[in-house]
Amino acid sequence: MTPDGFVEGRSALLVVLVAWIMMNRIFTFVVPPSAGGQRLDVFLVDQMPEVSRSRIKGLIDQGLAEVEGVRAKAGQRLKFGQNVTLIVPPVKPLELLPDSEVRFEILFQDKDLIVINKPPGLVVHPAAGHQSGTLVHGLLAVCPDLLETGGRVRPGIVHRLDKDTSGVMVAAKNDQAHRALVDQFKSGAVQKVYLALCRGWPPVDRGEVDAPIGRHPIRRKEMSTRARLGRPALTQWEVLRRFRLGVSLVKLHLLTGRTHQIRVHLASIGFPVLGDSVYGVSAAGLKDGGGPLKEFIKRQMLHSRRLGLLHPQTGRKMVFEAPLPADMVSALEILEKNEENPPETRASVNRTCF
């Protein structure tokens, strides 16, 4: 090879190396004393809560994790002071196709935004295990231009509801609206009111939970008020009705927007959302074992009732409400039928509060 060819070859190799570095994210950690003896996979999951446990395991299996510059296996035990490196390649972009089979009620729409009533059981956007049939796919069938708004993976999405939480949501239909709505959610300017059926009878009629929320220290897919690096979270609550079966209807006002906030906060004070399989249980602890109510509790009984915001273009205040879904209506009807000498309550069930 001529000198010129050698230089050209090195230049080409350098270009490829720079491109590889720019495409991949490289994370480096130093093992602290508290993590000495920990498995590599457990250590990385703890250090990178934003990356799923399954993806970290996959990256390790692909040889993308090193300890002191040597490829390591998931079960390798770490020592204090060791350097750990993980290479995280970019996620392959998804091809989002409209899906008119995804059903939801449209409460309002104009050229800037669309407001919908999300049914329970519908995932909001594509993620691991949910590559199709999400709300995003359904929105694209209604709003084709949404694909260019706010990113290719979650076009139009400015906030989320859990899969099994129902109720009102808003999505942006252009970038300007997307930025404006995201800013409102971040600043706390959006009014968010929920209704929940929770297990137990809170001893007072109203209160608030002011407790930071972060990843559970052990169960990393869960959130907790006992996390080491929790973010501020504030939930105000008010009991609307206490039922004989050991269930309460509660109205909640979110002043922050943390993952699983209502579910975590209610569970932390001993009154978990009814049917919550992660932070509570469906019928255990209810009077008479829940009786006929058990047949209707297939998911967490949590509903986004009201959303108040400023229109991203005009600045006009807008309030949207979503009616209760059929399963919560049925549960309330059963609770009403089983009322015999109900506990003292602030108010009887008033349909206008729904």
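Coordinate-derived values only; no laboratory data. Remember, predicted model here, so these are calculated numbers, not experimental data. All Cβ positions, glycine included, derive from the backbone under ideal geometry; neighbour counts span all protein chains shown.
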Size of charge dipole - segment 92-187 - debye, nearest 20, with Cβ of Lys, Arg +1 and Asp, Glu -1, no other charges:
240 debye
Modelled label-to-label distance, ALA326 and LYS186, 7 Å Cα→beta-carbon offset: nm?
4.1 nm
Report, by chain and number, residues whose modeled amide H sits under 5 Å from the one on LEU274, excluding near sequence neighbours (fewer than 5 apart, same chain).
LEU197, CYS198, ARG199, MET301
Dipole of segment 92-187 (Lys/Arg Cβ +1, Asp/Glu Cβ -1, origin at the Cα centre): which of HIS130, VAL102, MET169 lies farthest to the positive side?
HIS130
From the cross-link list LYS111/LYS221; LYS163/LYS294; LYS57/LYS251; LYS163/LYS186; LYS163/LYS337, the entries with a Cα-Cα span beyond 32 Å are LYS111/LYS221; LYS57/LYS251
Calculate one ³J(HN,Hα) per residue across segment 206-218 by plugging θ = phi - 60° into the Karplus curve 6.51 cos²θ - 1.76 cosθ + 1.60, and present them in order as whole Hz with x for glycine and proline.
8, x, 8, 10, 10, 8, x, 10, x, 5, 4, x, 10
By the Cα gyration tensor axes a ≥ b ≥ c (a/c under 1.5 gives rounded; else a/b larger than b/c gives prolate, otherwise oblate), the shape of segment 49-92 is prolate
Taking a ≥ b ≥ c as the square roots of the eigenvalues of the Cα gyration tensor, with a/c under 1.5 meaning rounded and otherwise prolate when a/b exceeds b/c and oblate if not, segment 92-187 is rounded
Residue by residue, what Karplus-based ³J(HN,Hα) values in Hz, rounded to whole numbers, does segment 166-171 have, using 6.51, -1.76 and 1.60 with θ = phi - 60° and x for Gly and Pro?
9, x, 6, 9, 10, 10
Order 299-311, 144-156 from most to least packed using the mean count of other Cβ atoms within 10 Å.
299-311, 144-156
